[in-house]
Amino acid sequence: MKKILLYFFIGLIAIVLFLFVYLKVFEFRANQISVGTLIQNYDSDNPALLVIDIQEVETGELSEKDYYKTVSKSLIRKTNKIAEAFEKKDAPVVYIKSEISDPILNLLNNSYKKGSRKAELDKRLLVVSNYIISKSRGDAFSNPQLDKLLIGKQVNHLIITGLDAAHCVNSTIQAAKNRGYMITVISDAVISKTDSIKQVKLKEFSRNGIEVVSSEDYLMELKKPE
């Protein structure tokens, strides 16, 4: 009996250690920023709107994040207005969502399980295109389909909305800078865990040469004749 218990505890410890290492490796990979190649120089400003991680698990009815749910109405309303303006100009709108297909990770936490209701885009989003890119890391460019889409559309300017300013938005911005994109962050259409964290990140973006503007100002600029 003692040997059985000993083997049981050894096996249990081995499983815990395996899961710990597995999660740490996933976390390390999830935080890596892709490098990519520099985009070409184009004669005109060719923008695309990136809508990052506005999903049911984050901002929707299935979310357990109270602050995200509280600010989601304003976030989605302002994002939708910009998406509508992009649609009228026939400019690309790309929806980024986090999805995980790893069976071990999904067993531990199925919040982002690929194909699940939680992983779907927030149903309040105005979806004006079929450009939906799935990612399993913070950096949206970790899925090479985003590079392919943007290069194919000759995009050189990314307009960023979504969440989280300190995580996936931040990682995607770093990856976009590596590729030479102009970047504009819509200040009232990105969120973080708290408003104070968001404000710190917005100031950091500005210091690093990234344009930070309100949705109202950006829409006014977008409506100007070319």
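The values are calculated or read from the model by the stated rules, or taken from the named source; none is laboratory data. Everything quoted here is computed from the prediction, not taken from an experiment. Quick reminder, even Gly has a Cβ in these numbers, built from the backbone with ideal geometry, and neighbours come from all protein chains shown. Ligands, DNA and RNA are excluded from the accessible area calculation, which covers all protein heavy atoms including side chains. Shrake-Rupley method; radii C 1.70, N 1.55, O 1.52, S 1.80 Å.
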Residues whose built amide H sits under 5 Å from the amide H of V190, excluding neighbours closer than 5 in sequence, are G162
A correct Karplus calculation of ³J(HN,Hα) over the stretch 149-162, with 6.51 cos²θ - 1.76 cosθ + 1.60, θ = phi - 60°, whole Hz and x for Gly and Pro, returns 5, 5, 5, x, 8, 6, 6, 10, 9, 10, 9, 10, 10, x
Residues whose placed amide H lies under 5 Å from that of V185, excluding near-sequence neighbours: I160, E211, V212, V213
Express the carbon and sulfur contribution to the solvent-accessible surface of the stretch 34-178 as a percent, rounded to the nearest whole number, probe 1.4 angstrom. 48
Taking 7 Å along the Cα-to-C-beta vector as the label spot, tell me the E204-Y67 distance in nanometres, rounded to one decimal. 1.4
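Just the number please: accessible area per residue for the stretch 103-226, 1.4 Å probe, all protein chains included, in Å².
On the way: 6350 Å² over 124 residues.
Using a 1.4 Å probe on heavy atoms only, each residue of the stretch 103-226 averages 51 Å².
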Setting aside same-chain residues fewer than 8 positions from K177, which aspartates and glutamates have a Cα under 15 Å from its Cα? D139, D147, E204, E211
Of M220, M182, ordered by accessible area with the largest first and a 1.4 Å probe, the sequence is M220, M182
